[in-house]
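Heads up: the structure comes next, in structure tokens.
Since every read-out is calculated from the coordinates, none of them should be taken as a lab result. In this text, all values refer to a predicted model and were calculated from it rather than measured experimentally. Backbone-built Cβ (ideal geometry, glycine too); neighbour counts: all protein chains shown.
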Amino acid sequence: MSLSIDSTHTLQNVLNTTFYIEAVKPMSILEVQGIPSSLYIRASTQIPIATSPTSYTQNQDAQAFIKQIYEYIHHARLSYFMPILFSGFADMPSYGDWLSADDDTLPAFKGTSVAIGLKPICEDKIFLEQYLNTPIQNEISRVAGEPVNRQRIFEIGNLASGCAGSARLMIAFLVFYLSTPTLNPTTHEYQTKADWVVCTGTDAVRHILAHMGIRSHVIAKATAEALEDPEQVSSWGHYYQHNPLVVAINVADAKRVCAPHYRYTETLEMNYATRLTLNKITV
């Protein structure tokens, strides 16, 4: 399972960054009256990493939250999770929340209101390619009308939220996150992280994207019959009754739509326990 976004160093930076997304120009009166209007977001992985001591336990909390939402909505018993999970919180934990009563063990974040998974696409087959007859880059190239590099595509999944407002904020966060330039370790040039993202979106997810003004290109219908492991069918509960479709989203187009409506901040911490700030980016 690949965990790297650009490099090991970059992954460590992601795990030690607090992201913040805030709606500054609501798209409708519903968002003016709705809550929440902002999220603090942290990333986590399934593998313990010494430089990010809360990552593993936070990941377990994120998985538990996702399982609970999928069971409630779809009666599903979810067992597949993206290698990187982002968890959203209404409030930033205070200093006391970061340190546990144990010597130097840090607790997982509590109060998760939304979570989503992210996976950089490499050579290995990704989960949603089970629904396709050709590799995902070929399908996106077809709808885009131009060649698309597989290395510039990310898969997103595991979206779970207590309300549509939190889901919108998390989606907006991913748009800004993937649009923020980072140093490419191969070319030594700054570039955005992805050109396209792909996901399997139910009617509810596609409604949220449409509400945000984000265009999703339909690639294929996702069906239970396409699952390579027949034993997975029952574990997905009623999920396939919600009309899931494989869709692709152009990141640059989504950024142009979201930019007027959200403020985005990344704060990279040099020391997790003392929270000394190394770098801060605001868009």
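Figures for the structure shown
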{"read-out": "Amide H within-cut-off set for residue 180, under 5 Å, with H built and near neighbours excluded", "value": "193"}
{"read-out": "³J(HN,Hα), Karplus 6.51/-1.76/1.60, whole Hz, each residue of the range 237-246, x for Gly, Pro", "value": "x, 8, 3, 6, 7, 9, 6, x, 10, 7"}
{"read-out": "Length added when fully stretched, residue 188-residue 150, from 0.36 nm per residue minus Cα-Cα", "value": "11.7 nm"}
{"read-out": "Footprinting exposure proxy for 255, 221 (fewest neighbouring C-beta atoms within 10 Å first)", "value": "221, 255"}
{"read-out": "Rounded to whole Hz, the Karplus (6.51, -1.76, 1.60) HN-Hα couplings of the range 190-206, x for glycine and proline", "value": "7, 8, 5, 7, 7, 9, 9, 10, 10, 7, 9, x, 6, 3, 5, 5, 5"}
{"read-out": "GluC sites (Glu not before Pro) within the range 173-231: DSSP coil, no more than 15 neighbouring Cβ in 10 Å", "value": "189, 228, 231"}
{"read-out": "Derived scalar couplings ³J(HN,Hα) [the range 145-155; Karplus, 6.51 cos²θ - 1.76 cosθ + 1.60; whole Hz; x for Gly, Pro]", "value": "x, 7, x, 10, 7, 4, 5, 9, 10, 10, 9"}
{"read-out": "Simple spin-label estimate for residue 80 and residue 210 in nanometres, 7 Å along Cα-Cβ", "value": "2.6 nm"}
